[in-house]
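The structure appears below as structure tokens.
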Amino acid sequence: MKKLVVIGGGINGAGIARDAALRGWKVTLLEKNDFCSGTSWASSKLIHGGLRYLEHWEFGLVRESLREREILLRIHPYNIQPLHILLSVYRYSPHWLTTLRFGMKLYEFLSTNSSLPLHETFTPKQLNAIEPGLDQRKLQGGIAYWDAQCPYPERLVLANLHSAEENGANIFNYHQVIRLTKKDDRIQSVIAKDLIHGQEKEFQCDFVINAAGPWIDEMVNPNEIPSRPMIGGTRGSHIVVPRFADGPRHAIYSNARLDGRPFFILPWLNYYLIGTTDVRHQDSLDELSPSFSEIDYLITETNHCFPAAEINRHSILFSFSGVRPLPYSGKKNPGAITRRHIIMDHAKKDGIANLISLVGGKLTTFRHAAKLCVDSAENKTAGHVTACSTAGNPLWGGEMEHFESFVTYTFSEAHRRWSIDEITFRYLVTLYGTHFKDVLEVADLHPGGFEKICSHGIDLKAQVIYAVKHEWAKTLTDVMFRRMPVGMNTSLGMDACEIIGDIMGGEWGWNEKKKRNEIDGYKNYVTRRLLSHQN
Ligand SMILES: Cc1cc2nc3c(=O)[nH]c(=O)nc-3n(C[C@H](O)[C@H](O)[C@H](O)COP(=O)(O)OP(=O)(O)OC[C@H]3O[C@@H](n4cnc5c(N)ncnc54)[C@H](O)[C@@H]3O)c2cc1C
């Protein structure tokens with residue numbers, strides 16, 4: 001069995017681990033932090049073709065993304081749902097309505113196998129009827145079309161990791177790759193530091209795939225500054241605000257008045273997710289937060305689009321930033337840099353025969369990018385490629401035809417067995433798919449497992465135990481942000497961290513001091529990463 005080491009536990013690393021494990025590789029995945037704590041966490045959560053890429057003539061990327069959208073709707077139906085988007089067009093918009101109608105036809109033409117409805121065009125008067133809060137001044141009209149949304153990318157990453165593990169992969173978080181040991185032109189092993197226990201570990205390998213997102217340049221020669229970097233990342237920021245009066249009833253896609261850039265107001269959880277910006281980023285990749293000018297830009301554009309919103313910095317529940325791992329492209333305008341993924345072969349670039357790096361790519365296209373990476377690894381080690389099966393097999397928990405019918409048909413049995421109410425049941429299926437049962441079985445075995453964690457959400461105490469026992473959760477922050485969305489409730493999890501600390505402490509044997517450290521670490525994370533707009 002050939003050994004593959006995957007560096008990075010974002011969406012791309014997780015997708016590669018799943019694909020390679022399904023093809024019979026012995027996979028080890030190493031993530032320095034927690035899974036989905038990098039860029040994949042900070043995205044707009046759209047599973048989309050990327051309408052705007054058409055203006056850069058990226059037809060291949062749009063076609064690929066639309067095909068992947070359809071596959072993901074099928075293999076991960078509980079956490080990827082169709083999203084109805086209203087594109088509002090103003091006289092100051094960079095494109096006229098007629099151009100956009102043509103673009104929309106092309107978009108639909110490129111999505112040949114789409115199961116989603118076709119677009120509709122609206123006059124300003126019709127728009128006013130369906131979106132009364134939308135600014136009507138200088139409005140040319142609008143187009144309503146369909147894409148998709150993945151409300152919990154963290155769970156999409158976990159679904160890939162579960163699937164990889166079921167097929168024999170070894171998955172490690174808090175393992176930072178610090179060195180690659182080489183002999184001649186080959187990497188022999190990958191050295192990682194276990195950041196929880198402090199020791200170094202060596203992982204033998206036949207091949208290495210570097211999927212460290214914006215960090216990929218650090219992996220190849222960790223102590224050298226690359227002469228020509230692979231990545232030229234740009235920072236994108238979002239703000240999250242509670243739903244406001246006369247706010248959007250659809251997802252809104254518009255162009256910012258200030259600079260014509262694409263601008264989204266998306267319904268997400270019980271909030272609006274508003275983004276995004278696109279600015280060159282040359283500072284730390286590990287401590288990201290939006291600048292005040294990004295925050296003010298997003299506030300101003302929201303108030304332009306929905307004049308009754310009147311949001312300000314105090315309206316923001318939380319804000320966050322991520323760095324797009326875009327290919328290095330000198331001084332090019334950030335918006336024009338391709339969102340395609342590129343596989344960098346280090347045999348050509350650095351004389352290393354068994355290493356490739358994945359540069360760029362989108363959340364939407366991770367499955368196909370993973371396929372191409374594993375194809376390349378197979379070609380370079382065996383000279384031929386075995387069949388990829390990730391498009392045909394449901395992702396972990398996705399063994400259902402359709403989310404709504406699954407909920408309808410399964411609820412009565414679940415209610416009979418566990419006396420669970422429908423809202424909680426639906427919520428558990430959204431997070432765990434068919435594995436909701438595993439969580440409820442954990443609840444059966446633990447006194448208090450069916451109790452809610454706090455009054456701000458519907459998460460159960462059993463989910464914490466499940467996260468620790470079955471989902472690699474090590475810290476309080478892992479559980480609260482990346483196993484379940486307790487940290488994103490209206491109190492940002494402040495009323496839940498004691499209880500979760502107690503449950504985790506019981507599982508891990510934490511003493512009071514360790515528990516306090518975890519709670520302080522969580523609060524500190526929230527302040528630094530989500531509330532920087534308040535400083
Ligand atoms: C603002 C914004 C909005 C976006 N919106 C969308 C969208 O709506 N739809 C869409 O399709 N795409 C979107 N994207 C793009 C998408 O989010 C990214 O392309 C994708 O998440 C990249 O995933 P990744 O796995 O390559 O990187 P990451 O998620 O960053 O994962 C890389 C991982 O490598 C780990 N790592 C780094 N160094 C080491 C080391 N030494 N050892 C071990 N591990 C290491 C990191 O901790 C990290 O977890 C958006 C991006 C941004 C920034």
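Key figures
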| item | result |
| --- | --- |
| Selection status of I342, part of a strand (DSSP E or B), within 16 Å of the ligand (Cβ to nearest atom) and open to solvent by 20 Å² or more (accessible area, probe 1.4 Å) | yes |
| Tally of residues being of a type in the set (S, T, Y) and farther than 21 Å from R367 by Cα across the range 325-343 | 2 |
| Condition met for D147 (more than 16 Å from the ligand (Cβ to nearest atom), outside any helix (DSSP H, G or I) and over 30 Å from D350 (Cα atoms)) | no |
| Output for the range 112-135, where each listed residue is in a loop (DSSP other than H, G, I, E, B) and either touching a Gly at 6+ places or on another chain (Cβ under 6 Å) or surrounded by 13 or more Cβ atoms within 10 Å (Cβ to Cβ) (or both) | S114, L116, H119, T123, E131, G133, L134, D135 |
| The one condition in (1) within 11 Å of the ligand (Cβ to nearest atom); (2) in contact with a Cys (Cβ under 8 Å, 6 or more places away or on another chain) that L273 fails to fulfil | (2) |
| The range 367-379: number of residues that are in contact (Cβ under 8 Å) with a residue 40 or more places away in the chain and either near the ligand (Cβ under 7 Å from one of its atoms) or more than 20 Å from the chain's Cα centre (by Cα) (or both) | 3 |
| Qualifying strands (runs of 3 or more DSSP E) (wholly inside the range 1-111; at least 2 residues being more than 9 Å from the ligand (Cβ to nearest atom), in contact with a helix residue (DSSP H, G or I) (Cβ under 6 Å, 6 or more places away or on another chain) and open to solvent by 30 Å² or more (accessible area, probe 1.4 Å)) | none |
| Every residue from the range 92-134 that is touching a Leu at 6+ places or on another chain (Cβ under 7 Å) and closer than 21 Å to R52 by Cβ | L100, G103, L106, Y107, E108, L110, S111, S114, L127, E131, L134 |
| Which numbered condition G141 misses (of (1) out of contact with any strand residue (DSSP E or B) (no Cβ under 7 Å at 6 or more places or on another chain); (2) assigned to a strand (DSSP E or B)) | (1) |
| Lone unmet requirement of (1) over 24 Å from the mean Cα position of the chain (by Cα); (2) within 16 Å of the ligand (Cβ to nearest atom) for A353 | (2) |
| Residue match in the range 296-307 (condition: crowded, with 21+ Cβ neighbours inside 10 Å and in contact with a His (Cβ under 7 Å, 6 or more places away or on another chain)) | no |
| Counted residues, the range 188-202 - those being within 14 Å of the ligand (Cβ to nearest atom) and either closer than 11 Å to L355 by Cα or aliphatic (A, V, I, L, M) (or both) | 5 |
| Test set (1) over 24 Å from the mean Cα position of the chain (by Cα); (2) at pLDDT 95 or above; (3) open to solvent by 20 Å² or more (accessible area, probe 1.4 Å); (4) aliphatic (A, V, I, L, M) - L317 fails condition number | (1) |
| Subset of the range 426-469 (residues that are of a type in the set (G, A, S) and free of Cβ contacts under 8 Å to residues at least 24 places away in the same chain) | G448, G449, A462, A467 |
| Residue tally, condition assigned to a loop (DSSP other than H, G, I, E, B), without any contact (Cβ under 8 Å) to a residue 60 or more places away in the chain and touching an Asp or Glu at 6+ places or on another chain (Cβ under 9 Å), over the range 384-425 | 2 |
| Selection count where residues are farther than 21 Å from M494 by Cα and within 16 Å of the ligand (Cβ to nearest atom), scope the range 311-322 | 2 |
| Test: residue in the range 411-430 that is more than 21 Å from the chain's Cα centre (by Cα), at positive phi and in the same structural domain as A14 (by TED's automatic domain parsing) | no |
| Residue that is modelled with the highest pLDDT, among those in the range 323-333 that are outside any strand (DSSP E or B) and within 11 Å of the ligand (Cβ to nearest atom) | P325 |
| Condition met for L180 (closer than 15 Å to L72 by Cα and within 16 Å of the ligand (Cβ to nearest atom)) | no |
| Scan of the range 470-498 for residues that are of a type in the set (K, R) and either without any contact (Cβ under 8 Å) to a residue 60 or more places away in the chain or touching an Asp or Glu at 6+ places or on another chain (Cβ under 6 Å) (or both), ordered by number | R482, R483 |
| Close pairs from the range 45-71: first under 10 Å from T364 (Cα atoms), partner part of a helix (DSSP H, G or I) and among the polar types (S, T, N, Q), Cβ under 8 Å, at least 6 apart | H48/S65; G49/S65; G50/S65 |
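To keep it simple, each residue is scored yes or no on (1) free of Cβ contacts under 8 Å to residues at least 24 places away in the same chain; (2) of a type outside the set (S, T, N, Q); (3) touching a Phe, Trp or Tyr at 6+ places or on another chain (Cβ under 6 Å).
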residue: T277; (1), (2), (3): no, no, no
residue: H281; (1), (2), (3): no, yes, no
residue: F292; (1), (2), (3): no, yes, no
residue: I299; (1), (2), (3): no, yes, no
residue: N303; (1), (2), (3): yes, no, no
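The values are calculated or read from the model by the stated rules, or taken from the named source; none is laboratory data. Source: prediction; values computed, not measured. When we count neighbours, we look across all protein chains shown, and the Cβ atoms used for this are built from the backbone with ideal geometry, even at glycine. Just so you know, the surface numbers come from the protein's heavy atoms only, side chains and all, with ligands and any DNA or RNA stripped out. Shrake-Rupley method; radii C 1.70, N 1.55, O 1.52, S 1.80 Å.
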